[in-house]
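Single-structure report; data block below.
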């Protein structure tokens, strides 16, 4: 029986290498150009002026100083009152004179009443007679403000983005070559054949 020589082999696998470079992207964008304008608010101001009134009529009256109108009115009232009192007095004196026959001394009594009395009572007085103789009234007035705001006018102009793109790259290469080795041991086979023949 014939024997074949021994065979041995080795296998080395191939290897592929890959080198890659990532893509790069840079994006820049300038802010939008804005123009904003706004007119001032519309104001309407209505002012009611303050008012100060001082009435010194009572104080002037305490000093005997009155207006012409009031003086005429007072004199008219006093004249009417004196006239009515005079009529009443004369009627009363007439009734007294009619009773003279009864022995009354009507003429003497009437004369005594009509003699003016020079004596006058005097007392301390104050001018003005009251702390409220001067009437002071103050109205502070008022201010009405109406404000109507105006809307702002906005104009926007956007700017386009700027894009800088650098593409990536992929390189492939053989990192390790594939290898297949076969080894046939002829010498050992020949020796075995020789030994077999002997």
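The values are calculated or read from the model by the stated rules, or taken from the named source; none is laboratory data. Please read all numbers here as calculations on a predicted model, not as lab measurements. Quick reminder, even Gly has a Cβ in these numbers, built from the backbone with ideal geometry, and neighbours come from all protein chains shown.
Which residue is modelled with the lowest pLDDT, if the candidates are limited to the stretch 174-198 and must be exposed (fewer than 10 other Cβ atoms within 10 Å of the Cβ) and part of a loop (DSSP other than H, G, I, E, B)?
198
Checking the condition more than 30 Å from residue 181 (Cβ to Cβ) and free of Cβ contacts under 8 Å to residues at least 24 places away in the same chain, which residue from 40, 58, 96 passes? Walk me through it before giving the result.
On the way: 40 fails: free of Cβ contacts under 8 Å to residues at least 24 places away in the same chain; 58 fails: free of Cβ contacts under 8 Å to residues at least 24 places away in the same chain.
That would be 96, the only listed residue that is more than 30 Å from residue 181 (Cβ to Cβ) and free of Cβ contacts under 8 Å to residues at least 24 places away in the same chain.
Pick from 73, 99: which is touching a helix residue (DSSP H, G or I) at 6+ places or on another chain (Cβ under 8 Å) and either modelled with pLDDT of 80 or more or surrounded by 10 or more Cβ atoms within 10 Å (Cβ to Cβ) (or both)?
Numbers: 73 fails: touching a helix residue (DSSP H, G or I) at 6+ places or on another chain (Cβ under 8 Å).
Going through 73, 99 in turn, just one is touching a helix residue (DSSP H, G or I) at 6+ places or on another chain (Cβ under 8 Å) and either modelled with pLDDT of 80 or more or surrounded by 10 or more Cβ atoms within 10 Å (Cβ to Cβ) (or both): 99.
Are any residues in the stretch 1-27 part of a strand (DSSP E or B) and either touching a helix residue (DSSP H, G or I) at 6+ places or on another chain (Cβ under 8 Å) or under 29 Å from residue 165 (Cβ atoms) (or both), and if so, which ones?
Just the residues of the stretch 1-27 that are part of a strand (DSSP E or B), to begin with: 7-12, 15-21, 24-27.
Result: 16, 17, 18, 19, 20, 21, 24, 25, 26, 27.
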